[in-house]
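Comments concern the structure below.
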Amino acid sequence: MTTWDDRQPIYQQLADLLAARLLDGDPPEGQAMPSVRALAGQHLLNPLTVNRALQALADAGLLESRRGLGLFVVPGASDKLRAAERRRFLAEEWPRLRAKLRRLGIGSQQLDWDTDTFEEKRA
């Protein structure tokens with residue numbers, strides 16, 4: 001079950017969650033999104049909230065409505081999302097992360113990009 005916080009509207013949190021799934025290829029480009037009813041049941045949300053989240057993704061050009069069939073992931077959605085996330089990361093998160101690494105004395109030679117854990121390397 002997803003935990004929602006008070007920092008931003010729930011529909012935006014759901015849109016972000018669904019966008020992250022789209023980045024992972026779930027569902028693949030050209031395929032249908034789960035229905036509003038299915039998503040509402042899965043996340044225990046009001047269908048209007050789910051509809052608003054899906055509309056936000058459609059407004060961003062990631063989904064298209066096919067009359068009578070539902071919403072489908074547009075071709076190129078993953079590339080568009082990845083480019084937007086990279087811009088956002090480099091503009092917002094990276095400066096804070098870099099500053100924190102400097103404060104903690106962690107240099108690039110101590111970071112191993114191929115593992116999920118950090119082991120402090122001694123000189």
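The values are calculated or read from the model by the stated rules, or taken from the named source; none is laboratory data. Source: prediction; values computed, not measured. Glycine gets a Cβ as well: all are built from the backbone with ideal geometry, and neighbour counts include every protein chain shown. Side chains are part of the model used for accessible areas, which takes the heavy atoms of the whole protein and leaves out ligands, DNA and RNA. Shrake-Rupley method; radii C 1.70, N 1.55, O 1.52, S 1.80 Å.
What to note about this one:
- Test: residue in region 75-98 that is of a type in the set (Phe, Trp, Tyr), over 22 Å from residue 11 (Cα atoms) and not assigned by TED's automatic domain parsing to the domain that holds residue 15: yes
- The lone exception for residue 106 - which of (1) surrounded by 13 or more Cβ atoms within 10 Å (Cβ to Cβ); (2) part of a helix (DSSP H, G or I) it fails: (2)
- Once region 57-87 is narrowed to residues that are aliphatic (A, V, I, L, M) and open to solvent by less than 30 Å² (accessible area, probe 1.4 Å), the residue that is farthest from the chain's Cα centre (by Cα) is 74.
- Any hit, region 107-123, residues being modelled with pLDDT under 95 and of a type in the set (Phe, Trp, Tyr): yes
- Summed over region 1-16, the residues that are free of Cβ contacts under 8 Å to residues at least 40 places away in the same chain, under 21 Å from residue 74 (Cα atoms) and open to solvent by 50 Å² or more (accessible area, probe 1.4 Å) give a count of 1.
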